[in-house]
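Participant: Input: one structure, supplied below.
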């Protein structure tokens, strides 16, 4: 059996889809060394899987500074200073046969060069969505992009020199580290222009199994016929008091239940008085909640979008940063939900959107169409089949 170096980013949306795959690889006899931040040790570590922790580079700074595409890339490139020393530590005690890495946070191409091994990318974002000037063409935005480009160029030169990297560190290649094989955790239907991608891209659907549930499922209540709205703004971009206040104002009179997960960056006490039809907690077992929900209000992280659609749940998406605006656009284009803007968000807009979506069959039907494409993509079994073919191709058996 082979030994795998597995590198992931310190975010639930990137780690969770890989957990079932890690479980299956270990069960098949592969030895795995998994690099990620300490908070994910309990989720990942198991027999056959060694865990090496690096500092959580997403915990520092303001996550909303990644509104610009180039800002996202700079954040990712800065993380090389955290991940590459951890790779060197792992390589000092192991000889790896192949690499599996997150396409965004895994330094994949650089590490594959460093170790001289073939590599597979796990893709938790839409492919080919890079934009270098997505926020407008006015003079202020162009000046901001120019400043960011200079920052990126200087940082790229420093990283290349420090780690002896020969390949060019281009914007697009930092944002998306394409593997010799790419496991994409969505469906060909959800991915725009999927037919234009090469045969080394495999759409395996969301990896839902393998994780250990986080949080406690609230009680269903006495009236099981009550509608349920679930709200979560993710694990990184979730310190958004003003959005939570608007949710309270918009949905306090909703004739149903509202469950809201707010993460660990803000306390329930900070939110003040919570309406009686709300249940608010730091975390909830999201898959169990979505299996019951009638509507999901979300920031639009790819993992959350996939999970909701897998269960045929329509979405209201309020994108905050990174790739979330693109995910929101795709949901809306496919008719599975509505995009609302954070900057112009009002309680009235939330209430109107909720009422419209719950009253219409259109959103439920379109969500179910996308959900079917996700459920039939093959999941972890298909991912394992792809990896077996990859190993055979590279004579790793």
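Participant: Quick check on segment 353-365. Is at least one of its residues assigned to a helix (DSSP H, G or I) and under 30 Å from residue 22 (Cα atoms)?
Facilitator: no
Participant: For segment 307-318, indicate whether the set of residues that are crowded, with 16+ Cβ neighbours inside 10 Å and under 22 Å from residue 68 (Cα atoms) is non-empty.
Facilitator: Checking segment 307-318: at least one residue is crowded, with 16+ Cβ neighbours inside 10 Å and under 22 Å from residue 68 (Cα atoms).
Participant: If only one of 354, 331 is on the phi < 0 side of the Ramachandran plot and under 19 Å from the mean Cα position of the chain (by Cα), which one is it?
Facilitator: The match here is 331.
Yes or no, residue by residue, for (1) in a loop (DSSP other than H, G, I, E, B); (2) at pLDDT 95 or above; (3) surrounded by fewer than 22 Cβ atoms within 10 Å (Cβ to Cβ):
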position: 34; (1), (2), (3): no, yes, no
position: 52; (1), (2), (3): no, yes, yes
position: 57; (1), (2), (3): yes, no, yes
position: 73; (1), (2), (3): no, no, no
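Participant: Taking segment 331-349 on its own, how many of its residues are part of a helix (DSSP H, G or I) and crowded, with 23+ Cβ neighbours inside 10 Å?
Facilitator: 1
Participant: Ok, one more. Residues 276, 283, 253: which one is in a loop (DSSP other than H, G, I, E, B), surrounded by fewer than 17 Cβ atoms within 10 Å (Cβ to Cβ) and touching a residue at least 40 places away in the same chain (Cβ under 8 Å)?
Facilitator: 283
Participant: Also: Collect the residues in segment 288-303 that are buried (at least 16 other Cβ atoms within 10 Å of the Cβ) and in a helix (DSSP H, G or I), keeping them in residue-number order.
Facilitator: Those that are buried (at least 16 other Cβ atoms within 10 Å of the Cβ) and in a helix (DSSP H, G or I): 289, 290, 302, 303.
Participant: With the requirement that a residue be over 19 Å from residue 309 (Cβ atoms) and either crowded, with 16+ Cβ neighbours inside 10 Å or modelled with pLDDT of 95 or more (or both), what does segment 188-199 give you?
Facilitator: If the condition is that a residue be over 19 Å from residue 309 (Cβ atoms) and either crowded, with 16+ Cβ neighbours inside 10 Å or modelled with pLDDT of 95 or more (or both), then 197 is the only one that fits.
Participant: Can you tell me how many residues within segment 189-206 are assigned to a loop (DSSP other than H, G, I, E, B) and over 19 Å from the mean Cα position of the chain (by Cα)?
Facilitator: 5
Participant: Something else: Can you tell me which residue is modelled with the lowest pLDDT among those in segment 216-237 that are in contact with a strand residue (DSSP E or B) (Cβ under 8 Å, 6 or more places away or on another chain) and either within 19 Å of residue 310 (Cβ to Cβ) or surrounded by 23 or more Cβ atoms within 10 Å (Cβ to Cβ) (or both)?
Facilitator: Among them, the one singled out is 234.
Participant: Considering only residues that are part of a helix (DSSP H, G or I) and out of contact with any strand residue (DSSP E or B) (no Cβ under 6 Å at 6 or more places or on another chain), look in segment 256-273 and name the one that is surrounded by the most Cβ atoms within 10 Å (Cβ to Cβ).
Facilitator: Here the answer is 271.
Participant: Testing residue 99 on (1) surrounded by fewer than 20 Cβ atoms within 10 Å (Cβ to Cβ); (2) outside any helix (DSSP H, G or I), one condition comes back false. Which one is that?
Facilitator: For residue 99, the exception is condition (1).
Participant: Hey, any hits in segment 9-23 for a residue that's surrounded by fewer than 22 Cβ atoms within 10 Å (Cβ to Cβ), in contact with a strand residue (DSSP E or B) (Cβ under 6 Å, 6 or more places away or on another chain), farther than 25 Å from residue 322 by Cα and assigned by TED's automatic domain parsing to the domain that holds residue 123?
Facilitator: Checking segment 9-23: not a single residue is surrounded by fewer than 22 Cβ atoms within 10 Å (Cβ to Cβ), in contact with a strand residue (DSSP E or B) (Cβ under 6 Å, 6 or more places away or on another chain), farther than 25 Å from residue 322 by Cα and assigned by TED's automatic domain parsing to the domain that holds residue 123.
Participant: Could you identify the single residue in 108, 42 that is modelled with pLDDT under 95, surrounded by fewer than 19 Cβ atoms within 10 Å (Cβ to Cβ) and either out of contact with any helix residue (DSSP H, G or I) (no Cβ under 8 Å at 6 or more places or on another chain) or not assigned by TED's automatic domain parsing to the domain that holds residue 166 (or both)?
Facilitator: When all the criteria are applied, what remains is 42.
The values are calculated or read from the model by the stated rules, or taken from the named source; none is laboratory data. The structure presented is a predicted model; accordingly, all values stated were derived computationally and were not measured. Every residue, glycine among them, receives a Cβ derived from its backbone with ideal geometry; neighbour counts consider all protein chains shown.
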